[in-house]
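My structure is below; once you've seen it, I'll send some questions.
The values are calculated or read from the model by the stated rules, or taken from the named source; none is laboratory data. Every value quoted in this text rests on a predicted model; they were computed, and no experiment measured them. The accessibility values were calculated without ligands, DNA or RNA, using every heavy atom of the protein model including side chains. Shrake-Rupley method; radii C 1.70, N 1.55, O 1.52, S 1.80 Å.
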Amino acid sequence: MPSLIRFLTVLGVVGALGFSAVYALATFVTPRTREMVVTIPAARLRPPAPEAAVAHPRTAGAETSAADTTTR
């Protein structure tokens, strides 16, 4: 039983130190605010053109019949 109480005491002290460290960081440290710019490629903003589906039916997800695959 004494080893269990010793273990719980050590666990409580470590928890209290961790909590006090987080509390001190939240209270005494103020973050610096700054502007952030992220460049997004235009290809991710626009869907592919409808002409791409006609020119490349397999990449556009179009269904092909078995006769079309044997003639190619």
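Considering each residue of the range 23-46, count those that are open to solvent by less than 100 Å² (accessible area, probe 1.4 Å) and not in a loop (DSSP other than H, G, I, E, B), and give that number.
Result for the range 23-46: 5.
Something else: Answer with yes or no whether Val13 is modelled with pLDDT of 95 or more and β-branched (Val, Ile, Thr).
yes
Quick one: is Ala42 at pLDDT 95 or above, small (Gly, Ala, Ser) and under 28 Å from the mean Cα position of the chain (by Cα)?
On the way: at pLDDT 95 or above: no; small (Gly, Ala, Ser): yes; under 28 Å from the mean Cα position of the chain (by Cα): yes.
No, not satisfied.
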